[in-house]
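The structure under discussion appears below in the form of structure tokens.
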Amino acid sequence: MMIESQGKTTEPQAAGVVLSEKARTLPSGEREFMMDVRTADLEVNMGPQHPATHGVMRILIRTDGELITGAQPHLGYLHRCAEKIGENVEWLQYLPYTDRYDYLAAMNNNLGYSMAVEAMLGEEIPRRAQMLRTICAELNRIGSHLIAFGTYGLDLGAITPFLYAFREREWMMALFEKICGARLTYSYLRIGGVFNDTPPGWLGEVEHFCDVFEEKHKEYVDLLMMNHIFVKRTADIGVIPAEMALDFGLTGPMIRGSGIDFDLRRDTPYMLYGELADAGAFDVILGSGAKGALGDCWDRFYVRVMEMIESVKIIRWCLGSIEPGPVIAPLPKVLKVPAGEAYVGIENPRGELGHFVVSDGGKVARRVRVRGPSFCNLAVLEAIMPGTLLADAVAIVGSTDVVIGETDR
Amino acid sequence: MDFEGIHGRLGAISAPGLSGADRPREADPEDKKDGGRAGDAFVQVEPGEIAAFLAACRDDAELAFDLLVDLTATDPDAQDERFWIGYQLLSTTHRHRLAIKVFVAKEGARVPTATAVYRAAQWHERECAEMFGITFVGHPDPRNILLPDDWAGHPLRKDYEFPTEYHGISCE
């Protein structure tokens, strides 16, 4: 974007303002100077302390005027050595650390880790525990998607939906506070089951939450998702074709937004989800390119918003068939896991959360590997951001819905 | 397909580098020291052939492993002379998984990059390289990803020594 002066640009493009050699003399005798603006590519740091990066992440963006010509995410600002800690603490002691990678979906993280250890223990999990696990995981999925919904609106300049979303999320956190005492880092799902049974009347409160939430959800759809300005900001922006989604190993709403019909809950059933899928208790929401190209920011947002209703359906199914019983399998306090290795991937709100655990038969793991969905979902930014406008950068980053605690672990 | 089906298919298409399979087993009642092995079955692949092997897994219509879910290494023991590099594949069309394991000598560990087959490997390999000191030959962007560029040592190795200070910041 050089300023053309009489058909030819001035070389070289040094820093600051350069006086053109082609200054000409006006009829009045004055000399007229052409001023050339520096037009080299500009490198802009988005972050690490930027409200729209949803955490401490830096994206180095190269711009040519308003156009992004390159984007390079820089991670590691929140690296807390979670995998190294896993090799130094006992199996049960590691559970609270799992809360801290995707801190918006701590119940799901607890579930992923517990299931990986249980895969080696071969322990039967009581049915009531599985029911409570499913209810908590899905409630937490609603809470996590509410954050995605609210903060995405905030990124694009809509402040009100954020406040609405936090109103419902506050209720969800109060429910969790009643069941386990914590509001964010629960450690409620344990290896072998759940920590304790529900307090009296808790399941009724969850049902009440579901009733109210379904009504509120209609407001979200009208208020933000179908909002004309919002659609204009997100449709046809940041398109991820299906092949690219697969190549980059995207999972969860990112891949479903690109139209790939894949949900671990239905397709590689674990816990009660196989039963739920057979009963038709929930559907898998897919992006369809309803407002623009398939796989754009709006499609990903649509998948997250509509998935909340599917989670409500799952919770209702569980509430309808939960029965009294034990909530945790009898396991020793100091757990010894048989030698071996297991990889278990579960459907987190952001995609596949994988745990690869290796045991030598002792009290401490040999290796705990965490495959965070945000880590993989973030990598696609390098491919989709070049060629878009700087104003859309925030829309694209927001649509990946990353949690930096998980990319950096 | 289950693990046996996948393993059979890999043999049928003579996937490059396939050198064996390991399955979980019960403890041997005769041998008191043997506790068996729990968890997943995996196939074992020669380190030099891993990229070609992954391409075969991806391109075969019956396997169709279109997602590289995870790539990581394990240092089993400080005395052990080998790293394990583990690949987790997933097929969204056939809905099956495969765990692959590659044994590579710790001394000057090198393995070809899988980036040309799955771009998902790019960041996983960067993380694996900085954490274990494994060189992924042909990697397009071999910088550190989570650690600072000047970090000394490879933290997930069992022989890693914790630093006492970093740029004048005490770590003790």
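The values are calculated or read from the model by the stated rules, or taken from the named source; none is laboratory data. Note that the coordinates shown come from a computational prediction; the quantities given were computed from them, not determined experimentally. Glycine also receives a Cβ, built like all others from the backbone with ideal geometry; neighbour counts cover every protein chain displayed. Calculation scope for accessible area: heavy atoms of the full protein, side chains included, ligands and nucleic acids excluded. Shrake-Rupley method; radii C 1.70, N 1.55, O 1.52, S 1.80 Å.
Heavy-atom accessible area, probed at 1.4 angstrom with all protein chains present, ranks A:ILE135, A:ILE260 as A:ILE260, A:ILE135, highest first. The lysine pair tally for segment A:84-372, using Cα distances under 29 Å and a gap of 8 or more places or different chains, is 17.
Give me the summed buried accessible area for the A-B pair, 1.4 Å probe, to the nearest 100 Å². Could you put the intermediate results ahead of the total?
Working: alone 17170 and 10040 Å², together 23480 Å².
Interface area, both chains combined: 3700 Å², rounded to the nearest 100.
In this label model, A:ASN196 and A:HIS208 are separated by 2.1 nm, measuring between points 7 Å along each Cα→Cβ vector. Sequence-distant contacts, meaning Cα pairs under 8 Å at least 6 residues apart, place the relative contact order of segment A:84-372 at 28 percent.
Counting heavy atoms of the protein chains only and a 1.4 Å probe, report the per residue accessible area for segment B:1-142 as a whole number of Å². All intermediate terms of the calculation are to be shown ahead of the outcome.
Numbers: 5970 Å² over 142 residues.
Each residue of segment B:1-142 exposes 42 Å² on average to a 1.4 Å probe.
Whole-Hz Karplus values for segment A:290-306 come out as 5, 10, x, 6, 5, x, 8, 4, 5, 4, 5, 5, 4, 4, 5, 5, 6 Hz, taken residue by residue from phi with 6.51 cos²θ - 1.76 cosθ + 1.60 and θ = phi - 60°; glycine and proline positions read x. Taking all protein chains as they are arranged and a probe of 1.4 Å, the heavy atoms of A:MET173 leave approximately 20 Å² accessible to solvent.
For B:ALA21, the shell of other residues with beta-carbons less than 13 Å away shows a net charge of +1, using +1 for Lys and Arg and -1 for Asp and Glu.
Taking chain A as a Gaussian network of alpha-carbon nodes connected by springs under 10 Å, the highest mean-square fluctuation of the residues A:ASP299, A:ASP64, A:ASP102 belongs to A:ASP64. Reducing segment A:158-195 and segment B:1-63 to their Cα centroids gives an inter-centroid distance of 41 Å. When you filter the trypsin sites (Lys or Arg not before Pro) in segment B:79-172 for DSSP loop state and at most 15 other Cβ atoms inside 10 Å of their Cβ, you are left with B:ARG95, B:ARG143, B:LYS158. For A:LEU60 and A:THR160, FRET efficiency with R0 = 25 Å and r from the beta-carbon atoms, rounded to 0.05? According to the calculation, E is roughly 0.15. In segment A:231-325, Cα pairs under 8 Å separated by at least six residues give a relative contact order of 35 percent.
Bin all alpha-carbon pair distances of the protein assembly as shown at 10 Å intervals from 0 and give each bin's fraction as a whole percent. Spelled out bin by bin, the protein assembly as shown gives 3, 16, 26, 25, 16, 7, 3, 2, 1, 0, 0 percent.
Find out how many positive minus negative residues lie around B:MET1, taking Lys and Arg as positive, Asp and Glu as negative, among other residues whose Cβ is under 12 Å from that of B:MET1.
On the way: positive: B:ARG9, B:ARG95, B:ARG97; negative: B:ASP2, B:GLU4, B:ASP60, B:GLU62.
With Lys, Arg at +1 and Asp, Glu at -1, the net is -1.
Estimated from the Cβ-Cβ distance and a Förster radius of 35 angstrom, the FRET efficiency linking B:ARG110 and B:ASP60 is about 0.85. Distance between the pseudo-spin-label points of A:GLU30 and A:GLU90 (7 Å out from Cα toward the beta carbon): 8.6 nm.
A Gaussian network model of chain B, with springs between Cα atoms under 10 Å, assigns the largest mean-square fluctuation among B:THR93, B:THR72, B:THR113 to B:THR93. Taking the protein heavy atoms of the protein assembly as shown in the context of the full set of protein chains, the accessible area attributed to carbon and sulfur is 54 percent at 1.4 Å.
Per residue, chain A exposes 38 Å² of solvent-accessible protein surface, assessed with a 1.4 angstrom probe and all protein chains in place.
What fraction, in whole percent, of alpha-carbon pairs in chain B exceed 22 Å separation? Can you show the working numbers first?
Working: 7378 of 14706 pairs.
So the pairs more than 22 Å apart make up 50 percent of the total in chain B.
Rolling a 1.4 Å probe over the protein chains gives A:HIS79 an accessible area of about 50 Å². Residues of segment A:358-379 falling in the label zone of B:ASP77, defined by backbone nitrogen less than 19 Å from a point 7 Å along Cα to beta-carbon, are A:358-368.
Name the residues of segment A:124-141 whose amide N is less than 19 Å from a point 7 angstrom out from the Cα of A:LEU319 along the C-beta direction? Answer for this model: A:128-141.
If you average the alpha carbon positions of segment A:307-383 and of segment A:58-110, how far apart do those two centres end up, in angstrom? Rounded to whole Å, the Cα centres lie 17 Å apart.
Other residues lying with their Cβ under 11 Å from the Cβ of A:GLY249 contribute a combined charge of -2, Lys and Arg counting +1, Asp and Glu -1. Taking 0.36 nm per residue of sequence separation and removing the Cα-Cα distance, the A:THR69/A:ASN45 pair yields an extension gain of 7.3 nm.
Along each principal axis, taking the top coordinate minus the bottom one, the Cα set of segment A:147-285 gives 48, 37, 28 Å in descending order.
Between B:ALA129, B:ALA61, B:ALA121, the GNM of chain B built on Cα springs shorter than 10 angstrom shows B:ALA61 fluctuating the most.
The residues B:HIS7, A:HIS145, sorted by heavy-atom accessible surface at 1.4 Å with ligands and nucleic acids left out, run B:HIS7, A:HIS145 from largest to smallest.
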